[in-house]
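Report on the structure given below.
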Amino acid sequence: MNSNISLDRRRLITASVALAGTAALGLPRAAQAQKIKQPEKAELKFGFIKLTDCAPLVIAYEKHFFEDEGLYVTLEAQANWKVLLDGVIGGQLDGAHMLAGQPLGATIGVGTKADVVTAFSMDLNGNGITVSNEVWGEMKKFLPMEGGQVKHPIKADVLKKVVDAWKKEGKSFKMGMVFPVSTHNYELRYWLAAGGLNPGYYTPSDITGTKKADVLLSVTPPPQMPSTMEAGTINGYCVGEPWNQQAVIKGIGVPLIIDHDIWKYKPEKVFGVTSAWAKQNPRTHVAVVKALIRAGQWLDASMANRIEAVKILSKSNYVGADAAVIGNSMTGTFEYEKGDKRPAPDFNVFFKNYATFPFYSDAVWYLTQMRRWGQIAESKPDSWYIDTAKKVYLPEVYMQAANELIAEGKIKATDVPKTDGFKGVQEGFIDGISYDGRKPNDYLKKFPIGLKGADKA
């Protein structure tokens, strides 16, 4: 799709920018020169996947926040995460809505090798784990009830009973996730392992990630998850919205858990560009981040804004799902069994809790999971994890953008964290294990399932 700004509007904005330097504004010439910082590249094409968490890009476009920074943006839906990443690396796209693991995976050579960076976190949370009606029927008899409804959150130790029974019958249990370095892969693996199920290991000679697996995980593009499960190819999946709620609406499956219950305020997507692009277009990069910060702020500012965002995202050129399906999670609720709709105010977080800041500790967590499951085949010192995080995550670009917005009165100083790039020790994981981003190897040692130290799969 091509969401191009009309030529007349573009001419109007260009003329306005030119006029901004006139004395009519009452600014001294030196101040005008400082205020008007032209982007190196004004015409940009950004890619996205049809998920609700592409919202910051969509809102920055629809609310003209990109235009406010002198940027003329085209948004283009991509077929899958690999096509999207290849587009950014190959230069067909200037940047994109990316899985948090994609810039990290590319930089260290998990899959396609390329230097990709991020200066903006697009959101927190936003995913769920869904199983087919058949699996749900087998699980439900083991689940405790509370007030006439199934007690949540549901842990994977209950799924283990089903998987073990299938194993005795010679049946394999299969689940879909969206990409080998996706947040979905790592949170699904985390949840399964917390319940005593081994999701399998990657090895240099076997990149399927299924060695020693109790549950076989494979890649399925997000919009195809419900139909793939309905066809019986997979028995469940982990995906972003609206594709968990779609299973409920279609009556083909039941979500078990949302990712906020696996890791509270989990970083989800990022905005990624190549390192070369960032170096060639430093002013453009800051301008893009400014527009995206404002979009995140707008999305979290009110329920009225969320409802408006749902209508926008439901358009075929964006997510293209029914507004009622998108609206469930985007307006703070989540439906499990049909009719079992529960409050989920933090299912999608776009600005609060410093959601947009690119914390080094977020990057380190994803790297620990790559090591845990064998995508990083050899032991690495703590310094390697931290140095890699600092190579890929660019909080200095974020801070430049944020400080300009503060000076312009568009955000408050308290909207930006005072940090060295690391969060403190984090709790809120489903297995009760705490995480300190400064001590990745100590963290890995805490897991009964997974590689640690000098282990090899």
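Values for this structure:
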read-out: Scan of segment 328-352 for residues that are within 11 Å of ASN244 (Cβ to Cβ) and either free of Cβ contacts under 8 Å to residues at least 60 places away in the same chain or out of contact with any helix residue (DSSP H, G or I) (no Cβ under 7 Å at 6 or more places or on another chain) (or both), ordered by number; value: TYR336
read-out: Counted residues, segment 345-366 - those being of a type outside the set (D, E, K, R) and either in a loop (DSSP other than H, G, I, E, B) or over 18 Å from the mean Cα position of the chain (by Cα) (or both); value: 10
read-out: Positions within segment 221-256 being open to solvent by 10 Å² or more (accessible area, probe 1.4 Å) and farther than 16 Å from GLU134 by Cα, in sequence order; value: PRO221, PRO223, GLN224, TRP243, GLN246, ILE249
read-out: Verdict on LYS174 being charged (D, E, K, R), more than 23 Å from GLU378 (Cα to Cα), surrounded by fewer than 22 Cβ atoms within 10 Å (Cβ to Cβ) and in contact (Cβ under 8 Å) with a residue 24 or more places away in the chain; value: yes
read-out: Total residues in segment 369-390, condition basic (Lys, Arg) and more than 21 Å from PHE179 (Cβ to Cβ); value: 2
read-out: Evaluation of SER218 against (1) at positive phi; (2) open to solvent by 20 Å² or more (accessible area, probe 1.4 Å) (one fails), failing number; value: (1)
read-out: Some residue of segment 77-96 being open to solvent by 10 Å² or more (accessible area, probe 1.4 Å) and under 24 Å from TYR190 (Cα atoms); value: yes
read-out: Members of segment 208-255 that are in a strand (DSSP E or B), farther than 17 Å from LEU159 by Cβ and hydrophobic (A, V, I, L, M, F, W, C); value: VAL219
read-out: Complete set of residues in segment 196-215 that are touching a Lys or Arg at 6+ places or on another chain (Cβ under 7 Å) and open to solvent by less than 10 Å² (accessible area, probe 1.4 Å); value: LEU197, PRO199, GLY200
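Here's the yes/no breakdown for (1) touching a Gly at 6+ places or on another chain (Cβ under 7 Å); (2) in contact (Cβ under 8 Å) with a residue 12 or more places away in the chain; (3) within 28 Å of TYR393 (Cβ to Cβ):
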{"site": "PRO242", "(1), (2), (3)": "no, yes, no"}
{"site": "GLN246", "(1), (2), (3)": "no, yes, no"}
{"site": "VAL270", "(1), (2), (3)": "no, yes, yes"}
{"site": "THR284", "(1), (2), (3)": "no, yes, yes"}
{"site": "ALA287", "(1), (2), (3)": "yes, yes, yes"}
{"site": "ILE293", "(1), (2), (3)": "no, yes, yes"}
{"site": "LEU299", "(1), (2), (3)": "no, yes, yes"}
{"site": "MET303", "(1), (2), (3)": "no, yes, no"}
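The values are calculated or read from the model by the stated rules, or taken from the named source; none is laboratory data. Note that the structure is a prediction, hence the values are computed from the model and not measured. Backbone-built Cβ (ideal geometry, glycine too); neighbour counts: all protein chains shown. In case anyone asks, the SASA skips ligands and DNA or RNA and just uses the protein heavy atoms, side chains included. Shrake-Rupley method; radii C 1.70, N 1.55, O 1.52, S 1.80 Å.
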